[in-house]
Amino acid sequence: MAVWNLGSINIDNVYRVSHLPAPGETLHAADYTQGLGGKGANMSVAIARAAARVTHIGAVGPEGAWTVERLLEYGVDTRRIATLSDQATGHANIAVDEAGENQIIVFSGANRALTEDMIGSALSDAAAGDFLVMQNETNGQGYAAEIAKKLGLHVVYAAAPFDADAVAEVLPFTDLLVLNEVEAQQLTAAMKADLTDLGVESIVVTLGGDGCRWLDVSGGSETHMPAIPVTPVDTTGAGDTFTGYLVAGLDRGLPMLQALSLATQAGALMVTRKGTADVIPDLKDIEDARLA
């Protein structure tokens, strides 16, 4: 099987600060690094490092060629990433404090310039039983989800950053919904319905230091997966790592609880590292860490 990821590609500018800035406050950063990021790119790297086949569907500007090369180095199929001459590569300015919490400003750039032809052409190579994963940092999710369902793909949707209109468009085609606790509250408020009444068969709500909960709506059950205690250094990309590993596990045929356990281990290890896509752990890292 294979995973198709309609996702963002960003250049991450990361600033280490003593605390997250308040409105009107100017801070001097203690350190600065630049790397590959974006929720989509992070998930593609995580999926590849979890030993699943993943093709990334996305776009960059001319200055973003190195991000595509980096994805290829990490084992991601990049043949469906377009280079747009009239767009800048998406980028994110990220402030990370001493406790590992972050504050992020994102410019979408080429991530929001995808065409239906780009998406449709990519998914024409997909096979029934493959997975399509998406986030809210590109355009075209509704179109992609509808095509994917017609082709017999499993649709996984990470509803972040939260946008009520985007979620409403994709939900009718979604098989697995992944969101954090805040996004879950925003979604139920926007839809005026409980999570179990949204028509989605399976929902995973991440709870940070409290782990996650899996709502098996079709089976009528709820399961809590506890977090693995670690000392966080940087939470950036941890949720994307979790989702990528979860999708990869399911694509490889793991039962849901086993895939959730693997994703929890990957997310826990990720928060002990500084960076985003470039430091996402692989399966050997997880085995060596013995976090379970």
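Within the shell of other residues whose beta carbon sits under 15 angstrom from the beta carbon of residue 260, the net charge comes to -2, with Lys and Arg scored +1 and Asp and Glu -1. For residue 211, nonlocal amide neighbours, meaning residues 5 or more places apart or on other chains whose placed amide H falls under 5 Å from its own, are 227.
With the helix formula -39500 (n - 2.57) applied to DSSP H stretches of n ≥ 4, the chain reaches a computed 222 nm mean residue ellipticity of -9500 deg cm²/dmol. Taking H as built 1.01 Å from N, whose amide H comes closer than 5 Å to the amide H of residue 12, not counting residues under 5 places away? The answer is 35, 36, 37, 92. Comparing Cα centroids, the stretch 256-288 and the stretch 13-54 end up 16 angstrom apart. In this structure, the amide hydrogen of residue 132, modeled 1.01 Å from its nitrogen in the peptide plane, lies closer than 5 angstrom to those of 4, 154, 155, 156, counting only residues at least 5 positions away or on a different chain.
Under a model in which nothing but the beta-carbon of Lys, Arg (+1) and Asp, Glu (-1) is charged, the stretch 17-99 shows a dipole of about 520 debye around its Cα centre.
Taking Lys and Arg as +1 and Asp and Glu as -1, the other residues whose beta-carbon sits under 12 Å from that of residue 142 total -4. Distance between the C-alpha centres of the stretch 189-206 and the stretch 129-159: 17 Å, rounded to the whole angstrom. Plugging the Kirkwood radius over Cα pairs into Stokes-Einstein for the stretch 1-140, at a temperature of 10 °C and a viscosity of 1.306 mPa s, what D comes out in µm²/s? Answer, rounded: 101 µm²/s. Packing, as the average of other Cβ atoms within 10 Å across residues, places the peptides 16-28, 140-152 in the order 140-152, 16-28, highest first. For the set 280, 228, the ranking by accessible area, highest first and with no ligand, DNA or RNA atoms included, is 228, 280 under a 1.4 Å probe. Each residue of the stretch 208-222 is assigned a 3J(HN,Hα), and the resulting list reads x, x, 9, x, 7, 10, 10, 9, 8, 5, 5, x, x, 10, 9 Hz, derived from the Karplus form 6.51 cos²θ - 1.76 cosθ + 1.60 (θ = phi - 60°), x at Gly and Pro.
Normalised by the number of residues in the stretch 44-146, the mean separation of alpha-carbon contacts (under 8 Å, six or more apart) gives a relative contact order of 24 percent.
Each label point was placed 7 Å from the Cα along the Cα-to-Cβ direction; for residue 51 and residue 283 their separation is 0.2 nm. Relative contact order of the stretch 145-283, taken over Cα pairs closer than 8 Å and 6 or more residues apart, is 16 percent. Karplus-derived 3J(HN,Hα) values for the stretch 16-27, using 6.51 cos²θ - 1.76 cosθ + 1.60 with θ = phi - 60°, are 8, 10, 5, 7, 6, x, 8, x, x, 8, 9, 10 Hz; glycine and proline are entered as x. In the chain, the DSSP beta bridges split such that about 45 percent are antiparallel, to the nearest 5.
For log10 I(q)/I(0) by the Debye sum over Cα atoms at q = 0.08, 0.13 Å⁻¹, computed directly from the structure shown, the correct entry in (1) -0.51, -1.00; (2) -0.38, -0.94; (3) -0.31, -0.85 is (3).
Packing around the peptides 171-180, 209-218, taken as the average count of other Cβ atoms within 10 Å per residue, puts them in this order, highest first: 171-180, 209-218. Once C-alpha pairs closer than 8 Å and six or more residues apart are averaged by separation and normalised to the residue number of the chain, the relative contact order reads 19 percent. Under a point-charge model restricted to the Cβ atoms of Lys and Arg (+1) and Asp and Glu (-1), what is the dipole moment magnitude of the chain relative to its Cα centre, in debye to the nearest 20? Around 460 debye, computed over the chain. Dipole orientation for the stretch 90-180: of the candidates 111, 131, 164, 131 has the Cα lying most toward the positive pole (charges on Cβ; Lys, Arg +1; Asp, Glu -1). The peptide list 48-58, 249-259, put in order of mean Cβ contacts within 10 Å with the highest first, becomes 48-58, 249-259.
Normalised per residue, the accessible area of the stretch 154-292 is 43 Å², obtained with a 1.4 Å probe and no contribution from ligands, DNA or RNA.
The values are calculated or read from the model by the stated rules, or taken from the named source; none is laboratory data. Given the structure is predicted, the values throughout are model-derived calculations rather than measurements. Counting neighbours? That spans all protein chains shown, and the Cβs are built from the backbone with ideal geometry, glycine included. When the accessible area is computed, the model is the full protein with side chains, heavy atoms only, and any ligands, DNA or RNA have been set aside. Shrake-Rupley method; radii C 1.70, N 1.55, O 1.52, S 1.80 Å.
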